[in-house]
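Report on one structure; see the data block that follows.
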Amino acid sequence: MNTNSSNMMALAPNTSKKRETVCIFGTGDFGRALGHKMIQCGYHVVYGSRSTQISNLIPKDAEVLSHAEAAQKAAIIIIAIQRQHYNFLTPLAEILRGKVVVDISNNLKLNQYPESNAEYLAQLLPGARVVKAFNTVSAWALQSGALDASRQVFVCGDDTEAKEMVMNIVRALGLTPLDQGSLLAAQEIENYPLQLFPMWKFPIFLSLGLTVFFFFYCLALDVIYTYIYENNNFSFFIAMTIPNRVCPVVALILLGLVYLPGVLAAIIQLYRGTKYRRFPDWLDKWMLCRKQLGLIALAFASLHAVFTLASPLRSFVKWRNAKPIISQALNNQTEPLDTTNAWLSDSYLALGIIGFFFFVLVGITSLPSVSNSVNWREFRFVQSKLGYLTLILCTAHTLVYGGKWFLSPSAYKWYLPNIYMLSLVVPCAVLVVKFVLIFPCVDKPLTRIRQGWERNPKSSE
């Protein structure tokens, strides 16, 4: 197998170096896909099955034997069978004694059984060296070369030598093994594929909640209010105008919420005088999902950019722009250029463009493929320094655009503030607190606390 590039899968059989024989119990989708990939990588594969008849679904060059015969021909046996069918292994306990048995099974729901499938397998086969692996990889990923899916394979087991043998197979397949420790970690590994975006639930629900709230907020002020008091039917605002107001507002609030837990954590550490006490559970969870909040904010900002670029194509915008021109022509008047408005317009557009550029840069850096190629100082610089710069630019963009409504009585329909005023609450609060935290009289003690100094060591927990 060509080992010059760790990022490429072996896509053709390697005949220059034959590897050891591996036995696979089970001829289902995953068992066949795994066997096919192993054959491509130079392994000799023998299947253990109830039926020894060769099927056209079985990978070419693989043997099919009974379970007992197949187990005797290999030192590594991969169990590609669900837990409810493990009973057939009991009569094979002596044959499997001393062999490496790899459990790749998953369950239908989280914590379905008291113990993990791998631990249950170790109880059935007390003499076997059980290792948990491959359960986070799909048959499709193996068939497609794992180039479009996660390449990480979690491995755990009580026998160090057995784990190393399995991890060598993982590496030979072009995947990345991650040692998770003893077999006690198997339950967590088995729960991992069953979790549906565990770190995305709160950010998604929060963004959806904000979107719905601000959509109806704009609907009430821009459509219902104008229809009742001005007798204007602006119901078509629902298609473009309202989404183009909601998207930047949600994006800015979410971006502020990315950096708000950081300043809250700093305040808590200053108050406690130590870093050796856990943050409240809600703050811990909030800090863990900051990347997801930022990426969703970037998605809303991107939608805002697309809506803005498409705005000149709208009939309403064309009509609105043509109306003053026609009025000037009919009255034979020419309106002089308002340089103040020109400055405001160009400034808010420039701030938005530059802010969106840095927003994209910060988002790209958070991707695993990029973050893994930079060191911690570089990553922190982009995520913290450039991140705050992005927040400043986007906040300034909103202030320049919507600041004129703060002192305008007409902006307070039904005594409610304009949507842009609401969007500035969180980011402005974050920036003000962060500005206070960078003062030397505050920053120095905070830095000392984060380096291990404690105000009252005895009271820390």
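The values are calculated or read from the model by the stated rules, or taken from the named source; none is laboratory data. Small disclaimer: the values here were computed from a predicted structure and weren't measured. Backbone-built Cβ (ideal geometry, glycine too); neighbour counts: all protein chains shown. With ligands, DNA and RNA removed, areas are computed over all heavy atoms of the protein, side chains included. Shrake-Rupley method; radii C 1.70, N 1.55, O 1.52, S 1.80 Å.
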**Fill in**
Restricted to the range 61-85 and to residues being within 11 Å of G26 (Cβ to Cβ) and within 41 Å of the chain's Cα centre (by Cα), the residue surrounded by the most Cβ atoms within 10 Å (Cβ to Cβ) is I78
**Request:** Could you pull out the residue among P177, P203, P126 that is surrounded by fewer than 15 Cβ atoms within 10 Å (Cβ to Cβ) and at pLDDT 90 or above?
**Result:** P126
**Message:** Out of W405, W414, I need the residue that is farther than 29 Å from T274 by Cα, in the same structural domain as K291 (by the TED database) and surrounded by 11 or more Cβ atoms within 10 Å (Cβ to Cβ). Which one?
**Reply:** W405
**Request:** Return the total of residues in the range 228-276 being free of Cβ contacts under 8 Å to residues at least 40 places away in the same chain and hydrophobic (A, V, I, L, M, F, W, C).
**Result:** 9
**Item:** Conditions (1) open to solvent by less than 40 Å² (accessible area, probe 1.4 Å); (2) out of contact with any Ser or Thr (no Cβ under 8 Å at 6 or more places or on another chain); (3) hydroxyl-bearing (S, T, Y); (4) more than 30 Å from I354 (Cβ to Cβ); number of the one not met by Y271
**Value:** (1)
**Message:** Condition (residue is modelled with pLDDT under 80 and in contact with a helix residue (DSSP H, G or I) (Cβ under 8 Å, 6 or more places away or on another chain)) applied to the range 335-343: is it met by at least one residue?
**Reply:** yes
**Item:** Total residues in the range 383-402, condition surrounded by fewer than 19 Cβ atoms within 10 Å (Cβ to Cβ) and either in contact with a Ser or Thr (Cβ under 6 Å, 6 or more places away or on another chain) or within 21 Å of Y229 (Cα to Cα) (or both)
**Value:** 0
**Request:** Considering only residues that are under 15 Å from L446 (Cα atoms) and of a type in the set (K, R), look in the range 274-297 and name the one that is surrounded by the fewest Cβ atoms within 10 Å (Cβ to Cβ).
**Result:** R277
**Complete:** For the range 411-461 the number of residues that are closer than 28 Å to L254 by Cα and polar (S, T, N, Q) is 3
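Rundown of residues vs (1) modelled with pLDDT of 90 or more; (2) open to solvent by less than 60 Å² (accessible area, probe 1.4 Å); (3) polar (S, T, N, Q), yes/no style:
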position	(1), (2), (3)
M9	no, yes, no
T15	no, no, yes
T21	yes, yes, yes
I24	yes, yes, no
R50	no, no, no
P59	no, yes, no
**Message:** Quick check on this structure: which one of F197, F213 is open to solvent by 80 Å² or more (accessible area, probe 1.4 Å) and either at pLDDT below 95 or not assigned by the TED database to the domain that holds V246 (or both)?
**Reply:** F197
